[in-house]
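Undergrad: Just passing along the structure, written as structure tokens.
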Amino acid sequence: SLTRIPYDGGNALFCIWRDITERKATEATLTKLALAVEQSPSSIVITDLDSRIEYVNQTFVRTTGYSKEGVLGQNPRILQSGKTPKTTYEDVWSHLVKGESWHGELINRRKDGSNYTELVTISPVRQPDGKVTNYLAVKQDVTEQKQAEERIERLAHFDQLTGLPNRVMLNDRYR
């Protein structure tokens, strides 16, 4: 808005102001979203359409051992352990090229060489006009859960002292 304020000496003082309430509200919302993504308990990775990493959050850094600077511009393939079947990656890309999300499990490798299992959802990021501009991966480290499941399975079917199959396994095999 433009306002003319009379001034003593016959001159006028003009003031221009703009209501920035909406812009400030938008900035506050964006700040909240950025903090939520950065502090998420899930690893978050954003890539461009050529699979170059553009963003990772702090959980990704803690989980993988890679620094943000070390992965920016890299392909997420740097995490591959070789233990995830090739067909899984083919399935991922068959969904993404159709504009669909993919959900599944990947066995990846940390910077220190240790393997870990992640439950992953990868989704296309669309602009308001529907054009896909990025891919978003939200990943949860489920390594400890998997190890606990394997221990429970082993305890259920093998004698702890001898390591030999137990009665439960015998009954299971003869059914």
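The values are calculated or read from the model by the stated rules, or taken from the named source; none is laboratory data. Source: prediction; values computed, not measured. As a convention, Cβ positions derive from the backbone with ideal geometry for all residues, glycine included, and neighbour counts pool all protein chains shown. Accessible surface is based on the protein model in full, side chains and every heavy atom, while ligands, DNA and RNA are left aside. Shrake-Rupley method; radii C 1.70, N 1.55, O 1.52, S 1.80 Å.
Undergrad: Cβ contacts < 6 Å: first residue polar (S, T, N, Q), restricted to the stretch 132-160; second residue loosely packed, with under 11 Cβ neighbours inside 10 Å, any location; separation 6+ or different chain. Result?
TA: Once the first residue is polar (S, T, N, Q) and sits in the stretch 132-160, its partners that are loosely packed, with under 11 Cβ neighbours inside 10 Å give 133/127.
Undergrad: From (1) in a helix (DSSP H, G or I); (2) touching a helix residue (DSSP H, G or I) at 6+ places or on another chain (Cβ under 7 Å), pick out the condition that doesn't hold for residue 37.
TA: The one condition residue 37 does not meet is (2).
Undergrad: Moving on to the next point. Just the residues that are closer than 16 Å to residue 140 by Cα, of a type in the set (A, V, I, L, M, F, W, C) and either assigned to a strand (DSSP E or B) or in contact with a Ser or Thr (Cβ under 6 Å, 6 or more places away or on another chain) (or both), please, taken from the stretch 40-70.
TA: 44, 45, 46, 56, 60
Undergrad: Okay, next question. Within the stretch 95-106, take every residue that is open to solvent by less than 50 Å² (accessible area, probe 1.4 Å) and outside any helix (DSSP H, G or I) and give me the one that is nearest to residue 137 (Cα to Cα).
TA: 102
Undergrad: Additional query: Take residue 121 and decide whether it is touching a His at 6+ places or on another chain (Cβ under 9 Å) and not in a helix (DSSP H, G or I).
TA: Considered against the rule, which asks whether it is touching a His at 6+ places or on another chain (Cβ under 9 Å) and not in a helix (DSSP H, G or I), residue 121 comes out as yes.
Undergrad: Which ones in the stretch 34-50 are modelled with pLDDT under 95 and of a type outside the set (D, E, K, R)?
TA: 34, 35, 36, 37, 39, 40, 41
Undergrad: Within the stretch 84-93, is even one residue touching a strand residue (DSSP E or B) at 6+ places or on another chain (Cβ under 6 Å), of a type in the set (Phe, Trp, Tyr) and free of Cβ contacts under 8 Å to residues at least 24 places away in the same chain?
TA: No, that holds for no residue.
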